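Below is one structure, written out as structure tokens; the observations come after it.
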Amino acid sequence: MNKAIKNKSLQCRHIPQQKSLPYPKTGLSFYDTGVCQGTDTVSITYQWIFLIFGFVTITSVVYGLSFLINDKIDWKILLFLNPDSPIPAIDALMILITDFSIASFATVFVFWKIGYRISKRAWEGGKKAERFLKIVGLIFALIAGSAYFWAGYAHAGIFFPLALFLYIAFRFIANTFTHYNREELDRINLLFWITLLATILTELAAEEIIKDLVARARPLSYIYAFCNGGIRKVADEIVTGGYSYVPGHSSVFFALTTPLIFFVSRRAAKGGLLLWATLHAFTRVYLGAHFFYDSLIGAGLGFSMATLVTGIFGVQENKGRGNNSIMLPGSDINKN
């Protein structure tokens with residue numbers, strides 16, 4: 001047996017006449033069928049050591065920042081950002097973003113992954129994945145639209161734009177399987193695993209470690225009953241239980257979007273994703289679910305954790321017009 005093969009931690013069958021797609025940052029190499037060629041044991045060990053060290057460092061820093069909490073300042077900011085009277089359109093938008101951003105983003109990405117598996121295993125898999133995702137998108141859109149009648153939300157109108165978003169998002173990801181080449185799809189698949197790992201680490205740090213250590217009550221908690229009477233409560237999002245530092249919503253959504261922000265090359269796309277994540281963090285303050293400082297640090301936690309994972313295992317930003325760049329569905333991937 002070849003010595004080079006013996007030194008690999010993973011051994012997979014050789015596939016002749018197929019181009020290997022290297023990812024220099026990770027030491028990983030994938031055939032365009034997705035079969036693992038092998039990984040260097042030492043490189044992988046160092047990567048996971050750096051990841052663990054980075055996770056502990058980020059978690060410790062975020063915990064340390066809890067000692068800078070200033071209730072007096074936080075209450076002033078919270079009351080300033082929380083309107084005294086209802087603004088129906090803004091209230092509805094805040095509810096839509098805070099309740100469905102994470103679920104929508106995660107659902108679309110998970111189904112893209114399912115489509116990716118279909119595209120690799122089936123004959124004419126790309127076309128089958130495209131049809132599958134368009135059908136699933138239509139089903140999700142119909143379910144979301146019908147929620148207007150049965151979900152019991154006071155701001156029930158939010159389900160119509162949600163349905164439209166899901167329909168468009170699923171059609172977009174469906175088109176990737178007929179308009180993107182195999183190398184591009186493999187890179188998005190790697191992005192999926194990076195995003196998943198970043199999200200898990202962020203959730204672990206925020207929900208399982210920091211919240212229990214700091215144990216800061218939410219603004220609407222009975223503990224603050226003497227001063228939270230000035231907070232206007234918005235129907236559909238009145239949260240009194242649990243802890244405020246750090247918010248799971250803000251941290252997790254930044255962890256979800258940050259790898260994609262690094263991945264896309266278009267400035268408009270980067271800006272749109274960053275704006276979405278920032279607005280999502282703001283909704284937690286607007287709705288009185290968290291203090292401003294908590295939401296800010298939560299966003300920093302998610303961004304930092306995702307940056308760590310992307311830096312260790314990540315794909316490079318797409319640039320150029322050649323086959324190494326991700327372009328919008330409908331563009332000619334072979335055009336130079």
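We did not get these values from a lab; they are worked out from the coordinates using the rules stated. All figures in this text were calculated on a predicted structure; none of them were measured in a lab. All Cβ positions, glycine included, derive from the backbone under ideal geometry; neighbour counts span all protein chains shown.
Of the chymotrypsin sites (Phe, Trp or Tyr not before Pro) found in the stretch 181-245, the ones in coil according to DSSP and having at most 16 other Cβ atoms within 10 Å of their Cβ are F226. Among 153-162, 276-285, 64-73, sorting by the average number of other beta carbon atoms lying within 10 angstrom of each residue, highest first, gives 276-285, 153-162, 64-73. Annotation note: chymotrypsin sites (Phe, Trp or Tyr not before Pro) in the stretch 116-150 located in DSSP loop regions with a Cβ neighbour count of at most 14 within 10 Å are W123. Once you have a ≥ b ≥ c as the square roots of the Cα gyration tensor eigenvalues for the stretch 148-306, tell me rounded if a/c is under 1.5, and otherwise prolate or oblate according to whether a/b is larger than b/c. Oblate, since a/c reaches 1.5 and b/c is not below a/b.
Here, the stretch 73-118 has an Rg and a Dmax of 17.3, 53 Å when only alpha carbons are counted.
Compute the signed sum of charges (Lys and Arg +1, Asp and Glu -1) over the other residues within less than 10 Å, Cβ to Cβ, of S119. The answer is +4. Counting every other Cβ atom within 10 Å of each residue's Cβ, I209, I118, I90 order from fewest to most as I90, I209, I118. Assuming a ≥ b ≥ c are the square roots of the Cα gyration tensor eigenvalues, decide whether the stretch 37-191 counts as rounded (a/c under 1.5), prolate (otherwise, with a/b larger than b/c) or oblate. The shape class here is oblate.
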